[in-house]
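Before any comments, here is the structure.
The values are calculated or read from the model by the stated rules, or taken from the named source; none is laboratory data. All values derive from a computational prediction rather than experimental measurement. Cβ placement follows ideal geometry from the backbone for every residue including glycine, while neighbour counts extend to all protein chains displayed. Remember, those area values only see protein heavy atoms, side chains included, never the ligands or the DNA or RNA. Shrake-Rupley method; radii C 1.70, N 1.55, O 1.52, S 1.80 Å.
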Amino acid sequence: MTPQEMVERALELSTTDGCVVLVDEESTANLRFAGNTLTTNGVARSSRLTVISIAGQGVGVVSRAAVRPEQLADVVAAADATARDAQPAEDARPLVEGGPASAGWDAPVTPTDIEVFQSFAPALGEAFAAAKAGGRKLYGFAEHTLTSTFLGSSTGLRLRHDQPTGRLELNAKSADLKRSAWTGVATRDFTDVDVAVLDASLARRLDWAKNRVDLPAGRYETLIPPSAVADLMVYLFWSAQARDAVDGRSVFAKPGGGTRVGERLATLPVTLASDPAASGIGCAPFVMAHSSSRESSVFDNGLPLAATDWIKDGRLEALLQTRYSAELSGLPVTPAVDNLIMKGPEDGRSLEEMIASTEHGLLLTCLWYIREVDPQTLLLTGLTRDGVYLVEHGEVVGEVNNFRFNESPVDLLGRLTEIGAAEQTLAREWGDYFTRTVMPAVRVPDFNMSTVSQAS
């Protein structure tokens with residue numbers, strides 16, 4: 001049974017007032033390597049059926065992997081029964097009405113395979129040879145996933161989205177394994193990944209780390225590269241839920257009631273936005289909700305998504321909204337979009353130019369083990385990893401010890417003194433879950449390195 005046939009058959013089998021069916025077909029290809037040697041490679045495929053039944057205002061959701069045709073009726077019956085037994089859902093709204101079917105709705109799914117690495121794999125082999133000659137070892141993995149989602153409803157929706165997602169994580173270590181540097185990139189198809197450039201940047205950082213400087217905890221002028229900025233801004237984005245703000249449970253809640261939409265968060269004209277059609281990081285142009293939560297609603301499935309400014313010129317413009325939360329907040333419906341773009345004024349400088357203009361400060365590489373301390377301020381804590389470097393008079397002079405940091409990304413926005421040029425990047429901590437980001441490097445005059453970390 002094809003995914004399209006499964007959608008149609010499930011809708012026919014449902015006996016409730018309304019029904020939404022999602023079928024996700026996923027294929028993955030990967031390469032893994034260690035010590036300048038390819039260790040494993042492989043491909044995998046999976047499928048998942050989600051049936052959302054609506055009985056009055058009750059909802060039943062049943063999701064199963066690898067459903068065979070003869071099991072389909074049981075899955076639908078279980079969703080229907082759950083819906084009839086359920087209490088009224090607070091987010092219950094009329095299902096989105098259907099329109100024209102997505103282009104390619106009837107086309108077969110073409111899975112990804114190992115051929116996606118056709119040009120990348122030889123370049124990786126050349127990087128292994130260069131690393132070995134330079135006395136360093138490369139570790140990491142490359143992964144490509146293609147997810148085809150088919151969404152159909154009893155109101156006539158027939159929507160399809162094919163999402164390619166690729167990422168490369170590359171870690172270089174010195175021969176004695178005492179020095180380490182990391183980089184990562186996101187890609188749609190690996191044709192734009194320049195492994196030689198990535199390896200050269202890691203080699204340079206390992207060279208910086210030959211000189212070790214110990215520094216105490218404190219506040220330092222700090223250059224934060226795009227990858228680490230992505231980790232901070234993605235967490236801010238995830239936390240920008242309108243329902244939490246309305247309930248007074250987040251940093252975006254206004255004291256005394258309401259939300260902070262309209263307030264200025266940053267002194268510099270920074271913009272944080274999402275756009276399903278953004279070049280290189282395109283994503284689904286409609287809502288695909290497999291379950292309801294505080295930031296998503298199964299009733300919104302199929303709702304069109306558009307370019308959205310979350311922060312515009314430093315001012316909070318919008319929060320993550322379902323149709324239900326939008327009624328509570330009195331704000332427009334702005335559902336989450338699966339990419340994130342941060343930009344400052346035009347003609348931002350490159351990270352290298354920002355380093356060259358730094359008299360005394362730190363250069364981060366990436367952040368990890370990020371955890372929330374206080375939702376009311378969005379205070380986060382975490383550790384630095386794989387290289388913190390000391391910059392003196394425009395040059396990197398050595399590697400310093402790792403730190404634990406305590407910072408709020410919302411508070412940081414108000415303290416930025418420079419926003420660099422934006423580029424596509426991969427978050428280190430959240431890259432498994434949120435891959436499509438375009439971020440700048442930023443300068444913070446007083447980043448809080450709260451304690452020295454013994455991590456190495």
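Could you list, in sequence order, the residues of segment 381-399 that are closer than 22 Å to GLU169 by Cβ and touching a Ser or Thr at 6+ places or on another chain (Cβ under 9 Å)? Result: LEU383, THR384, ARG385, ASP386, GLY387, VAL388, TYR389. Within segment 430-453, being within 16 Å of the chain's Cα centre (by Cα) and either among the small types (Gly, Ala, Ser) or open to solvent by 40 Å² or more (accessible area, probe 1.4 Å) (or both) holds for GLY431, ASP432, TYR433. Just so you know, in segment 45-63 the residues that are surrounded by 16 or more Cβ atoms within 10 Å (Cβ to Cβ) and not hydrophobic (A, V, I, L, M, F, W, C) include one that is farthest from THR28 (Cα to Cα), and it is GLN57.
Those strands (runs of 3 or more DSSP E) of segment 358-397 in which at least 2 residues are open to solvent by 70 Å² or more (accessible area, probe 1.4 Å), considering only elements entirely within it, cover 366-374. Only residues that are open to solvent by 30 Å² or more (accessible area, probe 1.4 Å) and of a type in the set (S, T, N, Q) were counted in segment 148-159, giving 2. Of all the residues in segment 1-23, those that are in a helix (DSSP H, G or I), over 30 Å from the mean Cα position of the chain (by Cα) and surrounded by fewer than 22 Cβ atoms within 10 Å (Cβ to Cβ) number 6. I'm told GLU25 meets every condition in (1) closer than 28 Å to GLY140 by Cβ; (2) of a type outside the set (A, V, I, L, M); (3) without any contact (Cβ under 8 Å) to a residue 40 or more places away in the chain except one. Can you identify the failing condition by its number? GLU25 satisfies all of (1) closer than 28 Å to GLY140 by Cβ; (2) of a type outside the set (A, V, I, L, M); (3) without any contact (Cβ under 8 Å) to a residue 40 or more places away in the chain except (3). Scanning segment 287-305 for residues that are open to solvent by 30 Å² or more (accessible area, probe 1.4 Å) and closer than 19 Å to VAL62 by Cβ yields MET288, HIS290, SER291, SER292, SER293, SER296. In segment 154-182, the residues that are more than 20 Å from THR437 (Cβ to Cβ) reach residues that are open to solvent by 40 Å² or more (accessible area, probe 1.4 Å) and of a type in the set (A, V, I, L, M, F, W, C) with C-beta atoms within less than 7 angstrom, at least six apart or across chains, in these pairs: ARG158/ALA101. Quick check on my filter: what residues within segment 292-335 are of a type outside the set (D, E, K, R) and assigned to a helix (DSSP H, G or I)? Selection gives VAL298, PHE299, TYR324, SER325, ALA326, LEU328, SER329. Restricting attention to segment 64-102, the residues being crowded, with 17+ Cβ neighbours inside 10 Å, of a type in the set (D, E, K, R) and assigned to a helix (DSSP H, G or I) number 1.
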